[in-house]
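Take a look at the structure set out below.
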Amino acid sequence: MARAVSRGAWAVVLALGLVGCAGGGAGTTATSGAGGAGSGSGGAGGGSGGAIALEVPLTLEERAGVTRVAEPVTSGLPLAPGAVRDTAALWIADPRGRPVPAQFRVEGRWPDGSIRWLLCDFQADVPANGTVRYRLRAGGGANPAPAQSVQVRTLQTGLEIETGPARFRLASAPFRLFDEVWIGQRQLVAPDPASGIVVTGAGSPAVVYRGERVRRMSVLDRGPLRVRVRVEGEHVASSGATLCRYTLDLVFHAGR
């Protein structure tokens, strides 16, 4: 699990320590601790040009001994009252000060309407066991579009998500986690009526339940860098009785 702590009012440390991220597979999620960050007063400037009205250092520490290239990072950040009112003013600077594509979502606002909690996504390069510093800024720059964006298409049978190199198809009836998976022109997973989610009950011999139905499939986060799909359903017995309910979140990153 990634860890983040706040240092003073300005710095946030994100630890990239997931062994499962080898090869750039999974993204790293971090949430800052207590403490505000921001200029303290006044609104942020526009999305490009002008002076920098806000700067929050984001220190990334790689702790698994894996070189990270365009590693997805998701961070929740607290901002001071009046610091920023509009995400259009925000952008992420890499260690050389160059803007990198970022995705922002407001999670909460102060009584004056300014942003209190901000969820931001970007992709970072971090050497194995190394430390780099990115910066969240308002004003003085612009948020560029990513080279590849996550695309979501609604189908009659469910959803299709394309990240650039990969394409995933989720069918709601029946739900098999991934109904189809493609990497480029190569299909890795094809629909199979015999596959699906299995619930094994207690007893000897064990009772196997293959019934499953989806109550809701929805897109909770939809942005160019990250999309989160939530599947809510239930496992059922052959009689139609509900055995248990489940909620599953699937996260897709651009370029992955």
Item to check | Counted residues, the range 47-86 - those being modelled with pLDDT under 50 and either within 17 Å of G113 (Cβ to Cβ) or within 17 Å of the chain's Cα centre (by Cα) (or both) | outcome: 0
Checklist entry - Of the residues that sit in the range 215-244 and are within 22 Å of the chain's Cα centre (by Cα) and of a type in the set (V, I, T), which one is nearest to V199 (Cα to Cα)? => result V231
Checklist outcome for this item: Within the range 157-173, residues touching a Pro at 6+ places or on another chain (Cβ under 9 Å) and among the charged types (D, E, K, R) come out as R169
Checklist entry - Within the set of pairs 6 or more residues apart or between chains, which connect a residue that is of a type in the set (K, R) inside the range 150-166 to a residue that is at pLDDT 95 or above with Cβ atoms less than 6 Å apart? => result R153/E160
Item to check | Enumeration of residues in the range 197-256 that are at positive phi and modelled with pLDDT of 85 or more | outcome: G255
Next on the checklist: Can you find a residue that is β-branched (V, I, T), touching a residue at least 12 places away in the same chain (Cβ under 8 Å) and part of a strand (DSSP E or B) anywhere in the range 88-103?
Outcome noted: yes
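If you go through the range 33-40 one residue at a time, do you hit one that is within 23 Å of P146 (Cα to Cα) and at pLDDT below 95?
No, the range 33-40 contains no residue that is within 23 Å of P146 (Cα to Cα) and at pLDDT below 95.
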Checklist entry - Which residues, counting only those in the range 142-183, are of a type in the set (S, T, N, Q) and in contact with a Gly (Cβ under 6 Å, 6 or more places away or on another chain)? => result Q148, S172
Checklist entry - Exactly one of (1) farther than 28 Å from A70 by Cβ; (2) among the β-branched types (V, I, T); (3) surrounded by 15 or more Cβ atoms within 10 Å (Cβ to Cβ); (4) under 24 Å from the mean Cα position of the chain (by Cα) is unmet by T247. Its number? => result (3)
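The values are calculated or read from the model by the stated rules, or taken from the named source; none is laboratory data. Since the structure is predicted, the reported quantities are computational estimates derived from the model, not experimental observations. Quick reminder, even Gly has a Cβ in these numbers, built from the backbone with ideal geometry, and neighbours come from all protein chains shown.
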